[in-house]
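Okay, so here's the structure we're looking at.
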Amino acid sequence: MERLCGPELPFWELNTTFHTDQPDLPLCFQLSVLAWLPCVYLWLVSPVYLFYLKKNNKGYIMVSILNRFKTVFGLFLWIVCWTDLFYSFHEMQQNQTPPPIFFITPLVLGTTMLLATFLIQSERLHGVQSSGVLFIFWFLSVLCAIVPFRSKILKASDESHIPDTLRITTFYFYFSLVACELILCCFNESPPLFSSTVTDPNPCPETTAGFLSSMTFWWFTSLAFKGYKMPLEAKDLWSLKKRDSSEEMVPKLLREWKKEQAKARSEQNVSGQALYAKPPPSTTNHLSGDEAGPQEADVLLANQKAPKQPSFLRALLKTFGPYFLIGSAYKLLQDVITFVNPQLLSLLISFTKRDDVPLWWGYTLAFLMFFTAFLQTLILHHHFQYCFVTGMNVRTALIGAIYRKALVITNAAKRSSTVGEIVNLMSVDAQRFMDLTAFLNMLWSAPLQIMLALYFLWQNLGPSVLAGVAVMVMLIPLNAFIAMKTRAYQVEQMQHKDARIKLMNEILNGIKVLKLYAWEESFKQKVLDIRQKELNVLRKTAYLGAVSTMAWTSAPFLVALTSFAVFVSVDENNILDAKRAFVSLSLFNILRFPLNMLPQVISSMAQASVSLKRIQNFLSHDELDPDSVDRKNTSADFSVTVVNGTFSWAKDDPPVLHSISVMVPRGSLLAVVGPVGCGKSSLISALLGEMEKLEGEVSVRGSVAYVPQQAWIQNATLRDNILFGKAFDEQKYRSVLDACALTPDLEVLPGGDLTEIGEKGINLSGGQRQRVSLARALYSDADVYLLDDPLSAVDAHVSKHIFDQLIGPEGLLKEKTRVLVTHGISFLPQVDNILVLGKGRVSEMGSHQELLQQNGAFAEFLRNYALEDVLEEEAEDELLDEVEFFPEDALSNHLSDMMENEPVMNEARKAFMRQISVLSADGENPRTRSVRRHGCSQRKRVEPPEKKKEVEKLIQAETAETGRVKTKVYLEYVKAVGALLSALIVLLYGCQSAAAIGSNIWLSQWTNDATGNHTKENVHMRVSVYAALGITQGILVMISSYTLAMGNIGAARRLHANLLSNKLHTPQSFFDTTPIGRIINRFSKDIYVIDEALPSTVLMFLGTFCASLSTMIVIVCSTPYFALIIPALAFIYVFVQRFYVATSRQLKRLESVSRSPIYSHFSETVTGSSVIRAYGRNHAFVLMSDAKVDENQKSHYPGIVSNRWLGVRIEFIGNCIVLFAALFAVIWKETLSPGLVGLSVSYALQVTMSLNWMVRMTSDLENNIVAVERVKEYSETKPEAPWEVEDKKPPPEWPTEGKVEFQDYSVRYREGLDLVLRSITLNVKGGEKIGIVGRTGAGKSSMTLCLFRLLEAAGGEISIDGVKIAEIGLHDLRSRLTIIPQEPVLFSGTLRMNLDPFDRYSDEDVWRALEHSHLHRFVQNQPAQLQMECSEGGENLSVGQRQLVCLARALLRKTRILILDEATAAIDLETDDLIQSTIRTQFESCTVFTIAHRLNTIMDYTRVLVLDKGKIAEFDTPTNLISKRGIFYGMAKDAGLAQ
């Protein structure tokens, strides 16, 4: 250095730098190190940076004023620096030779300024709006220039005349220009020309954010502000950045995956060819990795290991690795910086011990601590940002890849993974990857942190550290054991929960039957029994939770205790001073995180590897060969040809179709017939290329339209279902609707053709679905139509209409080629050719006449079927006449009435409800949401048209909560926990914090012994008190977390019990207007939150709150002035927290709302993949799925950033706390002992984590407490009348006669609807048999509902045996009447339970009832007899048997009054006769009301009541009524019972 600066200018002097109150750096140091530092940085970085700019060119930016200023200042700087250089040359000529440094530094600085100016321009040309590289350069330059700036001012003030005037002047110019450059660098350039930000309506501000804004996530503030002012909506969200979108991510991953597959295949072929020169040509219809024929396989098996699988992991790493590594680099940096603060702390403590040091040392240390903490914050959050974004991208790419694959897998592959499994791949497995990426870096970072911490601890405490580490290691198996047990309990808990939800679902589905039978109590007990088991498991989990919380809180303490105890007892000279103790404590605290994270990361790695394998297997499935069907067929005459085709469903399956040869001439209609299972549908699939072609040729000419046997309907509007991506053409569309007989249906649907159709077409009947599917085919205007039995689902006259208008020789498709699979014999004479299949071969083919003349299999088939067909059609026609007779009433008032004429719909509904029950069993299921929607659409259809508007309102009542949660809700929860218990919990938490503070204050006292030399005598006392305090804290932690858990469980029990009992007391009308999915959601999702999520949130919240509070207390106690700063910090804290909570809550809601469409669209696609492929719409559907994923990520991404935004802000507050704690320690160093300094600063260093978590927990608490609110809302719906009224109890044997009187009786379904029965008056004597008839919607079912008081009177009254039924309790009334309902509802459980849930009757009684109801023999043949299990909804019994079970229930109760709501289409005539004869014999003396659909059952009744529009039209004996020739006569005539 002397050579550079000369002997007069020393490089370093301790006296002027450190040991003085006015420190200054020597001139040589200023000119060399300080001047060169920024230059070295810029020259090192610029080559890399220029290369980066060349790679990432975003287009150029127009020259702006800002840019001109930057450039001009840059040139000025160069001039200023070189002025110094020339001045040095000038001095040389004057013979005052300056030292070499005066030449070198200006030269270096000048060229660097030119480089900076060059960078400014190249950034502009490459579209960089704000530069981090230059910002850091200017920042360093200013920082390094501050010291010379100060020292020049000091020098000037000391000396009278100023030497070297020019250099001082140029330096001031230099300083001000650099400062200007730094300020200008903070501003942004305008976006580059033609960039997407210009065209995008709502671009993400991150793309245009400046360097500072990016570093602190300032660009997010606008959204946080908007979210605070009003709840965010989907339209407020920014567009997804191009690089995060599906169109970028998915192809990237798929490219790498294709490379992997190709590599695996080529390796395999190489190993194959070594054994076998030329593999035989493959004939399978495949694009699979394994192109080997069977013979070759045998040869290879002998000496070749399993084929090498392509590695999906490698593909993932290649795609996302580079981006993820940037995050890892940040993590490495952060790990290193973490250990700076403990070192600074030790310096600070040494500083407070010494009196002979200048104060500025302390201030420098304080600011250094602040600066490193702040840097650590920024770096950590950028690491997280990179990791989470990678996770998000991995999820996008995985979902996209799985979706694309699902569209093209073969049927064999589809069999191996069900729809549910594939949906799981994209929901659960993709999610696992996403969770893993966040912490994947911990795999190497945790060991690194542990090693560094141990190294520093060793330096501090020597070998005694090992004692502490041993304790940590011993705690790991404990935690692992607890985790294992907890997982086992969770599984058990899930099973109980599933059972409870399943039962609840049944109860809610059959709530009407429960009410009619007065069985609520029994079922309530069943639910509560399961709930009790559930709570028992929760209690066990709570024990474990308490132990693990204790382990987690006491771990650092135990480690410290053992280390310190060993340290002082090993050697008498070892003295525990403040520096050692508190630096060790802060290092132990750093250790705690990686030690806890490692096991978690490893277990989530294990889970992710399972997921990886599953996804890899799925993506390696065979794909359909697009060339198996030749579409380029040019022969003019035949549209469809199959030559000698043999097909199977999977490679290894036996063929389904053998040597089929078919030629279909252009424009002809081919019918395919044959018995069930002969391969008719398979033939259609073969033509679509969905089957494995084992041999032969298939060619189809032109485009294809396909109508599958089970119509596939999308969850979209009816119009979208028909257009299926084609442009809308009004005239063509109308003609299609007419041809498919859909026009009348549109008038029925609430929104016409814009009605939203639920998943799987749930709100259409089977026939409607099939017609929509036909309309789609017709609209697509293809060349070849493949129709797989489209007419079986529709009624006879509709199928005739469709055949004539559409398929037949006169239909709209008469010019097209049609292949029709059919069972309907009536159409066969009108087709061109008939293909008869039998056992997978073509048995005959020809026109109708030819086949009849051949008198082969087909002629026989006709003879067998013709008779049945004719009978069937007549019956159908009758039913249809009846429906058409009264069209305006077809939409009835009540669900069950509607169901009478639509058995198909009914089955669909039941199946659908079963689905819900499966779905809701999982609390967080993405599909429970969509289920609610169906519930609505389904019930909407049932309401009378003029009431439609209001009804829609009735059902859409569920609102997403917005805004803050009311304090009342928290109080409700506290009340549910119990006020005393709540107070106790808070007290315990207070005590535990006090114990923790106590032990640390004791430690600081102990360390102060070191200064006063009384260490020897009271070491034992110090250690034992320290241990006692720590152990007390551990025990208190355990007690408090256990008490809290007990309180939470008690609250959960109370809330659930209230909800359940209220729901069972709720009147029927509530269930008619509330979709079941919504009620189930309260019982599954919300109760789950109250059971599991809420307690852990409360625990964490209380824990972090106490930690933050105790930090404040400790700092205030040691430096009271700190109290002045708390209000300011608290204000900022609350401010940030409010913004964050409001925004993040809404973002979470938006994210979950946009998540379910991804999965529902996906499962829909999988079920309809053959249709999508047939119409060639793969690409469109892929785009739809991508759009849905992107829509979801649009709300997920701001959610990630909001956490980073919050983290930086809150940790900044934490860093301020560190700064002030250190500053005050420096200021009051005279009065403070080193122990207290260590105490307050080490507490401050921990606080950032607690503060950060506290905000998150507050936010989670607000999100979760909503569940209490929702459960509360449904626990307070208005109940029905009391079940029992003590002072109005009827006599036990009532009713004895069975006399029923209606007096001027009126009733309506719900407030605000019209009357269903209007002032009815009638008297029925005991023992009479009354038939009730009337058209749909006349109020027949309402009569029965009134007797049971499911509907309360709107006027008038009913009395039975002189007792007014409105005055007695509901159970007293309902248990004395018996009903055989129209829909037989069974519950899962034993048969005995289904007959007699209260165990009131003996087994003999039950058997007798079974005998009379003709079920005796069936039950005796069952191995379990009466204990036979009925499945959900009685699935394992036929409909007829279920009806007989209901009859047996009635026989058991044997009350005086029987109501029989007769079933329609669900039941066969045989069962019907059985029931009628039983009733005639067994209920001879009872009063019987029968709602009849088949008049022949009531022709021998005492009297018949004819209702019309809610009034009595006729009431007399059947014979009299027929002779009167009124309404009844008309009905009897229709039924063929009167002439």
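Ordering 499-510, 1322-1333 by mean Cβ neighbour count within 10 Å, with the highest value first, yields 499-510, 1322-1333. Placing a label point 7 Å from the Cα of residue 735 along the Cα-to-Cβ direction, the residues of the range 655-671 whose backbone N falls under 19 Å of that point are 667-668. A 1.4 Å probe, protein heavy atoms only, puts the accessible area of residue 747 near 140 Å².
Distance between the C-alpha centres of the range 166-194 and the range 701-733: 64 Å, rounded to the whole angstrom.
Over 29 Å between Cα atoms, which of 318/726; 975/1063; 680/1188; 405/839; 968/1188; 968/1289 qualify? 318/726; 680/1188; 405/839; 968/1188; 968/1289, as the Cα separations exceed 29 Å there. Length gained on full extension, residue 652 to residue 719: 19.9 nm, using 0.36 nm per residue less the C-alpha separation.
In the chain, a dipole from Cβ-located charges (positive for Lys and Arg, negative for Asp and Glu) runs towards its positive end, and of 1373, 459, 986 it is 459 whose Cα lies farthest in that direction. Working ranking of peptides 177-184, 165-172 by packing, defined as the average number of other Cβ atoms within 10 Å per residue, highest first, is 177-184, 165-172.
In the chain, a dipole from Cβ-located charges (positive for Lys and Arg, negative for Asp and Glu) runs towards its positive end, and of 742, 64, 437 it is 64 whose Cα lies farthest in that direction.
Considering only C-alpha atoms, what is the centroid distance from the range 1474-1488 to the range 45-95, in Å? Comparing the Cα centres of the range 1474-1488 and the range 45-95, I get a distance of 107 Å. Note down the relative contact order for the range 78-142 as a percent, whole number, built from C-alpha pairs under 8 angstrom at least six residues apart. Contact order relative to length: 32 percent. Under the simplified labelling scheme, the residue 1061-residue 1523 pair shows an inter-label distance of 6.0 nm, with each label point 7 Å from Cα along Cα→Cβ. Centroid-to-centroid, using Cα positions, the range 798-831 and the range 612-671 are 24 Å apart. For the range 213-252, GluC sites (Glu not before Pro) meeting the loop criterion (DSSP other than H, G, I, E, B) and having at most 12 other Cβ atoms within 10 Å: 233.
Near residue 479: Cβ cut-off under 15 Å, other residues only, Lys/Arg at +1 and Asp/Glu at -1. The net charge is +3. If R0 is 30 Å, the Cβ-Cβ spacing of residue 1319 and residue 748 corresponds to a FRET efficiency of close to 0.45. From the Kirkwood radius over Cα pairs of the range 1330-1376, Stokes-Einstein at 25 °C and 0.890 mPa s returns a whole-number translational diffusion coefficient of 208 µm²/s. For the pair residue 1421 and residue 248, the difference between a 0.36 nm per residue extended length and the Cα-Cα distance amounts to 415.9 nm.
Partners of residue 1509 within straight-line reach, counting lysines whose Cα lies under 23 Å from its Cα and excluding those fewer than 8 residues away in the same chain: 940, 947, 948, 949, 1329, 1340, 1524, 1533.
Computed with a 1.4 Å probe over protein heavy atoms only, the accessible surface of the range 69-122 comes to 48 Å² per residue. Note on residue 187 and residue 681: their simple-model spin labels are 7.1 nm apart, each label 7 Å out from Cα toward Cβ. Treating r as the C-beta distance of residue 340 and residue 592 and R0 as 22 Å, the FRET efficiency rounds to 0.75. Applying 0.36 nm per residue to the separation of residue 1167 and residue 968 and subtracting their alpha-carbon distance, the gain on full extension is 66.9 nm. For the chain, what is the mean residue ellipticity at 222 nm derived from helices alone (per DSSP H run of n ≥ 4: -39500 (n - 2.57); sum divided by total residues; nearest 500 deg cm²/dmol)? Calculated at 222 nm, the ellipticity per residue is -20500 deg cm²/dmol. Only Lys, Arg, Asp and Glu carry charge here, each on its Cβ (+1 for the first two, -1 for the last two); on that basis the chain has a dipole of about 3520 debye about its Cα centre. At the residue level, residue 1405 shows approximately 50 square angstrom of accessible surface with a 1.4 angstrom probe and all protein chains present. Using a simple spin-label model with pseudo-atoms 7 Å out from Cα toward Cβ, residue 644 and residue 1484 lie 7.8 nm apart.
Within a straight-line Cα-Cα reach of under 30 Å, residue 353 can be paired with the following lysines, leaving aside sequence neighbours fewer than 8 residues apart in one chain: 579, 1016, 1229. Packing-based ranking of 661-670, 1244-1253, 480-489 yields 1244-1253, 661-670, 480-489, ordered from highest to lowest mean Cβ neighbour count within 10 Å. Charging the Cβ of each Asp and Glu at -1 and of each Lys and Arg at +1, and nothing else, the dipole of the range 674-725 about its Cα centre rounds to 200 debye. Using a cutoff of 8 angstrom between alpha carbon atoms and counting only pairs six or more residues apart, the relative contact order for the chain works out to 11 percent.
The residue 317 and residue 1121 beta-carbon pair, evaluated with R₀ = 56 Å, returns a calculated FRET efficiency of approximately 0.55.
Annotation: per residue accessible area for the range 222-267 equals 54 Å², rounded to a whole number [probe 1.4 Å, protein chains only].
Think of the chain as having a plus end and a minus end, set by charges on the Cβ of Lys, Arg, Asp and Glu; of 691, 1498, 1279, 1279 sits farthest toward the positive end of this dipole. Shown for the chain: the carbon plus sulfur share of the solvent-accessible area, taken with all protein chains present and a 1.4 angstrom probe, equals 61%.
The trypsin sites (Lys or Arg not before Pro) of the range 1349-1437 that meet both conditions, a loop assignment by DSSP and at most 11 other Cβ atoms within 10 Å of the site Cβ, are 1400. Computed from point charges on the beta carbon alone (+1 for Lys and Arg, -1 for Asp and Glu), the dipole magnitude for the range 129-202 about its Cα centre is near 240 Debye.
The values are calculated or read from the model by the stated rules, or taken from the named source; none is laboratory data. Note that the coordinates shown come from a computational prediction; the quantities given were computed from them, not determined experimentally. Virtual Cβ from ideal backbone geometry, glycine too; neighbours counted across all protein chains shown. The protein model used for the area step is the full one, side chains on, heavy atoms only, and it has no ligands, DNA or RNA in it. Shrake-Rupley method; radii C 1.70, N 1.55, O 1.52, S 1.80 Å.
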